[in-house]
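The values are calculated or read from the model by the stated rules, or taken from the named source; none is laboratory data. Owing to the predicted nature of the structure, the values given are computational and were not obtained by experimental measurement. Because the Cβ atoms are built from the backbone with ideal geometry, glycine has one as well, and the counts that use them run over all protein chains shown.
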Amino acid sequence: MAHYNLLFRPRFHVACFLILIFLVSLPRSQAQESTWVKLTTESYPGKQDDIFFVNSSLGFYGNGAGKIFHTTDGGDTWQKVFEQKGTFVRCLAFADEQHGVMGNIGPGYFPGVTDANPLYRTEDGGATWSPVTNIEGEPIVGLCAFDIVQVPFVNAGNLDHRPRIIGVGRVGGPTAYIWSDDLGKTWKQGNIPRVGAMAFDVKFLDDKHGFIASATHADVSQSYGLILATDDGGATWREVYRSARPFELTWKLSFPTRDVGYCTVQSYDPSPAASARFVAKTIDGGKTWSEVPLIDDHGVREFGVAFLDENIGWVGAVPQGFGTTDGGKTWSKVAFGNAVNKIRLIRSDAGVTGYAIGPEVHRLQVPTAAKDKQSSNKSP
């Protein structure tokens, strides 16, 4: 194989509805004019892969040096809580303030990665991390992404929800699709179709409907970008998008609404003529996907993506990021660092806070006051 270096829980449905109303009412100009600010973090020579916030104050990020850092003040300061040589911290997720998981890329792809434990877990807020060995099925090599979805169940005669943690991997293969319903203690394993030779990201809209960002071949020179979808909680998967160009794969997913979703498409085609860059987009809940042009530049490679609503969003890329306020019809350059691999948006009473991680960590703050000002300016 040719190797390429590939750089809440909602307690009530009413809360979800209010968040949606807030996002829809957020002025586009406010998000566009807000500035991404570089935070003070430990220097790192390459792309760092994931950042996760439990709430507006408590967050974590990790990197390929086997380090995890956490903050309790929204990113103003960071402290190292984990360090293990040979481990590549690829993905992070927390079900609550105490229970979290970390995915390791695993050996055999990146140089210097020797840790064969694909999954770690904490139950003390990240103070300590232990390998997870209770994963049913064939051994998995590594993980690239997590998602958390709320699963409904009847609790003492009342409808309640509990978190399901879902993990997929990995870049370079082999693929894995796993999930846990007990805060990461034990895991079940499903199957990804053979057409999905790599898995980079996973997003579930509810416990039944989900998507995997994938690729058709583990050798990038023979690969086409691929998105897989499920309507039965991952029991079966089907192809809903395939790029028309070789040397491509999909990378990260963002669904600002149930109907509208975006996915970055990476190109590794060495030909200078293969310079067009696209973002895949759906407006029918992932049933069909089209491509919106990002830029015509052979030097650009896409990574992370996040959208506030149907129109306002960002794409991380080499050598810089991009932003749009019209659903991808037009894009402008955004100064939030090189090779931003993950963008997280955190909602609170104060507004929306965005975090973008690449070699550095940047923060964006869009205050609730913008929404209130808009409302006050409306005619009665």
List, please: which pairs have Cβ atoms under 7 Å, are six or more places apart or on different chains, and start with a residue in segment 84-101 that is closer than 19 Å to K203 by Cα and end with one that is acidic (D, E) and not in a strand (DSSP E or B)? R90/D49; C91/D49
Give the residue that is nearest to the chain's Cα centre (by Cα), with candidates limited to residues of segment 66-114 that are of a type in the set (A, V, I, L, M) and farther than 17 Å from G126 by Cα. I105
Can you run down the residue pairs with Cβ atoms below 9 Å, 6 or more apart or on separate chains, where the first is in segment 127-147 and on the phi > 0 side of the Ramachandran plot and in a loop (DSSP other than H, G, I, E, B) and the partner is of a type in the set (V, I, T) and surrounded by 13 or more Cβ atoms within 10 Å (Cβ to Cβ)? G137/I178
Residue that is buried (at least 19 other Cβ atoms within 10 Å of the Cβ) and of a type in the set (D, E), where the choices are D96, D124, D147, D160: D147
Does any residue in segment 279-290 that is loosely packed, with under 15 Cβ neighbours inside 10 Å come within less than 6 Å, Cβ to Cβ, of a residue that is of a type outside the set (A, V, I, L, M) six or more places away or on a different chain, and which pairs are these? S290/K281
Please verify whether V240 is at pLDDT 95 or above, within 18 Å of R90 (Cα to Cα), under 20 Å from the mean Cα position of the chain (by Cα) and of a type outside the set (D, E, K, R), treating the condition exactly as stated. no
For segment 26-45, give me each residue that is surrounded by 14 or more Cβ atoms within 10 Å (Cβ to Cβ) and at pLDDT below 95. L26, P27, R28, Q30, A31, Q32, S34
